[in-house]
Each structure stands twice: as C-alpha cells, then as structure tokens.
Amino acid sequence: MILHGDADASAPIDLCGRRLAELVPGNRYREYAGAGHGIFITHADQIDQDLFDFIEA
C-alpha cells in the first residue's frame, strides 16, 4: 500500500508517490487531496479507514 498527499512539498507526488506506484507491481496506491508531508496527522481518519480496508482485502 502506497499513501501520498498531493500537496507534499518535501516529497513531490510526481517524483515520489506516483513514480513509486509505477515501479511496484501489484500495489494499492492512494492519493490524498490537499495532504502535505504530515499526512498521518492531517488525514488520520481517512488513512485509518484505508489501512483497515487494505488489511481486510
């Protein structure tokens, strides 16, 4: 599972999240609109739900 915010200035989404998703076969990729580098704090509820869904799958 690859999680990435589209507003991350420290790790730009095109260079990091989207590129990693292209390189890792069979991954589950999720982008979070407006999320920066502190995604696990600012989008905790969404991430928790996505992780639970991933684990159940």
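No value in this document is a laboratory result; all are computed from the given coordinates. Note that the structure is predicted; figures quoted are calculated from it, not measured.
Fully extending the segment from Ala7 to His37 would add 10.0 nm, taking 0.36 nm per residue of separation and subtracting the current Cα-Cα distance.
Shape annotation for the chain: C-alpha extents along the principal axes are 31, 28, 12 Å, from largest to smallest. Summary value for the chain: 41 percent relative contact order, contacts being C-alpha pairs under 8 angstrom separated by 6+ residues.
Taking the chain as a Gaussian network of alpha-carbon nodes connected by springs under 10 Å, the highest mean-square fluctuation of the residues Gly26, Gly34, Gly17 belongs to Gly26. In whole angstrom, how far apart do the alpha carbon centroids of the stretch 5-22 and the stretch 29-52 sit? Rounded to whole Å, the Cα centres lie 13 Å apart.
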